[in-house]
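Submitted below is the structure of interest, expressed as C-alpha cells.
Every number here is computed from the coordinates shown, using simple stated rules; none is lab data. For clarity, every value in this text was computed on a predicted model and none was experimentally measured. Cβ placement follows ideal geometry from the backbone for every residue including glycine, while neighbour counts extend to all protein chains displayed.
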Amino acid sequence: MKTTEPPVPAESGVPVAKVDTPPGNSPKRKKKEGRVLSVFSHGMLILWAFMVVLPLVWAVMTSFKSDSAIFSSPWALPDKLHFDNWARAWTDANMSDYFFNTILVVGGSLIGTLVLGSMAAYVLARFDFPGNRFIYFLFIGGMSFPIMLALVPLFYVVNNMGLLNTIHGLILVYIAYSLPFTVFFLTAFFRTLPTSVAEAAFVDGASHTRTFFQIMLPMAKPGLISVGIFNFLGQWNQYMLPTVLNTDPDKRVLTQGLVQLAASQGYKGDWSGLFAGLVMAMLPVLAAYIVFQRQVVQGLTAGALK
Amino acid sequence: MQHGKYRFIVGFLTVPLGLYALFVVWPFIQSIYYSFTDWTGLSPEFKMVGFDNYKRMFHDEIFWKSLQHSLLFALVLPLVTISLALFFAFMINVGGRRRAGGPVISGVRGSSFYKIVYFFPQVLSIAIVALLFAFAYNPDSGAINSLLRGIGLDSVQPLWLGDPSLALWCVMAVLVWSSVGFFVVLFSAGMASIPAELYEAALLDGANRMTTFFRLTLPLLWDTVMSGWVYMGILALGAESFAVVQIMTTGPGGPDYSTTVLVLYVYQKAFRDGQAAYATTIGVALLVVTLAFAAIVMRLGRRERLEF
C-alpha cells in the first residue's frame with residue numbers, strides 16, 4: 001500500500017464497503033453489542049459532520065445580514081438577504097483586486113512549478129550522473145525545514161533583487177518553495193513509467209528535449225494533475241510567504257487581504273462586508289472541491305502516503 | 001542514450017536548481033550564518049558576535065514560553081487529530097452493522113458522504129479558517145457563546161481567546177478542526193487496502209471491534225500513522241501555527257504571551273523589532289526542534305514492516 005506507485009484514480013473516492021441493504025435476519029450473537037456501538041459511532045460521525053458544517057453555514061448566514069443583526073442575534077436567520085454586503089466587499093473592500101492578484105500569482109506559479117518541477121524530476125528519475133542523489137536530497141530536504149527560518153534572509157535577497165512587492169517576485173518564490181514536494185512526487189512518478197517508449201522515440205531520432213515534451217509529459221499526466229491540485233491549493237491558500245514578502249496594499253493576495261480587512265474593521269465596523277468577503281473567498285474552492293472531489297482528495301493525500 | 005546527455009541534463013536542471021538554490025538553500029545557509037552576528041536587518045552593517053545571540057536566547061523567557069507552546073503543538077495536535085481521525089475512519093470503514101449474506105465488515109451508511117464533508121476544511125486556507133474562528137470565539141457576538149446562551153448555558157460564557165489559560169487550547173482546537181478530515185480520508189484509503197479475509201479471521205476467532213482495531217487495523221496502518229504524525233507535527237511547528245496564532249490571538253501571541261510560538265516569535269523579532277540576527281537564532285532553534293521531532297517520532301515508531 002505504501003509506496004512509490006502512482007495513485008490509481010478511483011482508489012479512495014469509492015466507498016469502501018457496500019453501503020447497505022436493509023438489515024435482515026442477522027445472527028443473534030453480538031447483535032446487541034453491535035447495535036449499541038453502531039448508534040454511538042454513528043452519533044459521533046454525525047456530530048463531527050455538524051461541527052464541520054456549522055461554522056461554514058454560520059459564515060454564509062452572517063454574510064447576508066445587516067451589521068446590527070450580526071451583533072444582536074448571531075444565529076438568527078437574516079431578515080432579508082443583504083446582497084449589498086457582497087457588492088460592498090467586492091468593490092469597496094477591494095476583494096476584486098485580491099482575487100485578481102491571487103489568480104495572477106497562482107496561475108504563474110502553478111505553471112512554473114509544473115514545468116520546472118517536471119523537468120528536474122525527469123532528469124533526476126531517468127538519468128545517471130554524478131551528483132544525482134545529492135541534488136535529489138537537496139530538493140527533498142526542503143520539505144522538512146521550517147520555512148520561517150529562511151524567510152528572514154529571503155526578505156533581503158528578494159529586496160536586493162528589486163523583487164519585493166512585485167507579482168513576478170512572489171511567483172518566483174512560490175515556485176521555489178513548491179519545488180521540493182513537486183520534485184519528490186514527480187521523480188517517483190517518472191520512475192514508474194516504462195522506459196521502452198522513450199527509448200523507441202530516441203532511436204527514431206527524437207532529441208532528449210523532444211522526447212520529454214512530446215512523449216514523457218503526456219504520459220505523466222495523471223501525476224501532473226495530482227501534484228498540480230496539491231500545488232494549486234497550497235499556493236491559493238498560502239499566507240506566510242505573502243505576509244512577509246508582499247506588503248504593498250495594492251498587491252495583496254486573497255488571504256492576506258482578508259486578514260488586513262479584518263484588522264481594519266476595528267475602525268470601519270463593516271462586519272457584514274467582511275463576512276461577505278470571507279464567504280466569497282471560501283466558495284470557489286469549496287465548489288471546485290465538490291466538483292473535482294476525487295481528484296482533489298487524491299492530489300492532497302498522495303504526498304502523505306509516501 | 002548517450003548522445004547530448006549531459007547538455008540535456010544541465011539544460012533541464014539549471015533553472016529549477018538555480019531558483020531553488022537562490023530562494024531556498026541560500027537563505028537557509030545565510031540565516032545560520034546571521035545567527036552569529038548582530039545584524040539588525042535595517043542596515044547592511046553587522047559584525048560577528050559569536051554565541052552572544054544563543055546566550056541571550058537561553059535567558060529569554062519569551063523564547064522558553066514559545067518553545068513550550070511549540071512543543072505542545074507538536075505533541076498534542078497530532079495525538080488528538082490522529083486519534084480522532086483513526087476513530088472516525090475505523091467507524092466509516094468497519095463500523096457498519098453486520099448483515100447476513102453481506103460482507104463480514106462494512107462501512108456505515110453514508111460513508112462517502114462523511115468523507116466528503118470531513119474534508120471541507122482541508123481545502124480552505126488556514127488563514128480564512130483562522131479568521132472565521134476568531135469571530136466565532138468572540139465572547140459577545142460570536143457563534144460559540146451565543147450558541148451556549150441559546151441552549152440555556154447563560155452562565156458559561158468564557159472569554160475564549162481573551163483568557164490566557166484557554167487561548168492556546170482554542171487555537172489548537174481550530175487546527176484540529178481543520179486537519180481531522182484529511183487524516184480520516186488518508187486512513188480510510190489505508191484501511192480499504194487491508195484484505196477482508198483478515199477481518200473475517202479475526203471475527204471467527206471471536207474478536208470484537210475494539211480488539212480488531214488495536215490488534216489488526218492499527219498495526220497494519222502503522223506506517224501511514226507515523227508519516228501522518230511527522231507531517232502534522234512539521235505543519236504544527238511551522239506554517240499552520242504561524243497563521244492561526246498570528247491571525248487569531250491578541251498581540252499576536254497574547255494575552256500575556258500565552259499563545260506565542262517559535263515561528264511567530266521569529267517573525268516578530270525580524271519584521272517587527274528589527275532584530276534579524278536574533279530572529280535567525282530562534283529560527284535555528286526551531287530547525288533543531290523540527291528535525292529532532294521528526295527523528296524521534298521515526299525512531300519510536302519504527303517497527304517491523306508487516307506485509308500483507
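Mind checking which of A:F190, A:A120, B:L175 is farthest towards the positive end of the protein assembly as shown's charge dipole, using Cβ charges of +1 (Lys, Arg) and -1 (Asp, Glu) about the Cα centre?
A:F190
Hey, another quick one. Which of the GluC sites (Glu not before Pro) found in segment B:238-308 are loop residues per DSSP with 10 or fewer other Cβ atoms within 10 Å of their Cβ?
Details: sites: B:E240, B:E304, B:E307; in loops: B:E304, B:E307.
Passing sites in segment B:238-308 are B:E304, B:E307.
Could you count how many Lys pairs in chain B have their Cα atoms under 29 Å apart, skipping same-chain pairs fewer than 8 positions apart? List each step's numbers first, then the result.
Working: B:K47/B:K55; B:K47/B:K65; B:K47/B:K269; B:K55/B:K65; B:K55/B:K269; B:K65/B:K269.
So the count works out to 6.
Here is a further query. Per the helix-only calculation at 222 nm, which mean residue ellipticity applies to chain B, given -39500 (n - 2.57) for every DSSP H run of n ≥ 4 and division by its residues, nearest 500 deg cm²/dmol? Spell out each step's value before the answer.
Details: 15 runs with 202 residues, N = 308.
My calculation for chain B gives -21000 deg cm²/dmol from helical runs alone.
Using only Cα atoms, find the angle between the long axis of helix B:239-248 and the longest principal axis of chain B, and express it within 0 to 90 degrees, rounded to the nearest 10.
Taking Cα atoms only, the helix is inclined about 80 degrees.
How many nm is it between the label spots at A:D92 and A:V203, if each spot is 7 Å from the Cα in line with the beta carbon?
Modelled inter-label distance: 7.1 nm.
Right, here's the next one. With θ set to phi - 60°, apply the Karplus curve 6.51 cos²θ - 1.76 cosθ + 1.60 along segment A:226-243 and write out the HN-Hα couplings as whole Hz, x wherever there is a Gly or Pro.
4, 6, x, 5, 4, 5, 4, 5, x, 6, 4, 8, 4, 10, 5, 4, x, 4
Moving to a separate point now. Distance between the C-alpha centers of segment B:124-191 and segment B:35-95? Whole Å please.
Spelled out, the Cα-based centre of one part sits 22 Å from the other.
When A:K221, B:K115 are ordered from fewest to most other Cβ atoms inside 10 Å of their Cβ, what list results? Display every interim value, and only then the final one.
Details: A:K221 10, B:K115 25.
Final ranking by Cβ density, sparse to dense: A:K221, B:K115.
Okay, next question. Among A:G223, B:L291, B:N138, which residue has its Cα furthest toward the positive end of the charge dipole of the protein assembly as shown, with +1 on Lys/Arg Cβ and -1 on Asp/Glu Cβ?
Going by the charge dipole, the pick is A:G223.
Report, in whole Å, the centroid distance computed from the Cα atoms of segment B:212-260 and segment A:124-201.
Cα centroid of segment B:212-260 versus Cα centroid of segment A:124-201: 25 Å apart.
To continue, here is another question. How do the peptides A:213-219, B:162-168, B:266-272 rank, highest first, by the average count of neighbouring beta carbon atoms within 10 Å per residue?
Ranking the peptides A:213-219, B:162-168, B:266-272 by packing returns B:266-272, B:162-168, A:213-219.
Follow-up question, since we're still on this one. Just rank B:K47, B:K55, fewest to most, by other beta-carbon atoms within 10 angstrom. If you can, show how the numbers build up before the last one.
Working: B:K47 7, B:K55 12.
Sorted ascending by nearby Cβ count, the order is B:K47, B:K55.
Note down the magnitude of the dipole of segment B:25-301 about its Cα centre, charges +1 on Lys and Arg C-beta and -1 on Asp and Glu C-beta and zero elsewhere, to the nearest 20 debye.
Values: 15 positive and 15 negative charges, 146 e Å.
With Lys and Arg at +1 and Asp and Glu at -1, about 700 debye.
Could you please rank A:K80, B:K65, placing first whichever residue has the fewest other Cβ atoms within 10 Å of its Cβ?
Details: A:K80 9, B:K65 19.
Placing the least packed residue first, the sequence is A:K80, B:K65.
By how many degrees, 0 to 90 and rounded to 10, does the Cα axis of helix B:218-237 deviate from the longest principal axis of chain B?
So the helix axis and the longest Cα principal axis differ by about 30 degrees.
What FRET efficiency, computed as 1/(1 + (r/R0)^6) with R0 = 30 Å and r the Cβ-Cβ distance, is obtained for B:T40 and A:S264, rounded to the nearest 0.05?
Working: r = 29 Å, r/R0 = 0.96.
Rounded to the nearest 0.05, the efficiency is 0.55.
Related question: For the protein assembly as shown, what is the charge dipole size about the Cα centre, in debye to the nearest 20, if Lys and Arg each add +1 at the Cβ and Asp and Glu each add -1 at the Cβ?
Values: 41 positive and 32 negative charges, 388 e Å.
Its charge dipole is roughly 1860 debye.
Could you state the angle between the C-alpha long axis of helix B:61-94 and the longest principal axis of the C-alpha atoms of chain B, as a value from 0 to 90 degrees rounded to the nearest 10?
Tilt of helix B:61-94: around 20 degrees.
Let me know the charge dipole size of segment A:89-304 about its Cα centre in debye, to the nearest 20, where only the beta-carbon of Lys, Arg (+1) and Asp, Glu (-1) is charged.
Numbers: 9 positive and 8 negative charges, 79 e Å.
Roughly 380 debye, rounded to the nearest 20.
Across peptide A:168-177, how many C-beta atoms of other chains are within 10 Å of each residue C-beta, on average?
Values: counts 0, 1, 0, 0, 3, 4, 1, 5, 10, 4.
If you average over the peptide's residues, the count of other-chain Cβ atoms is 3.
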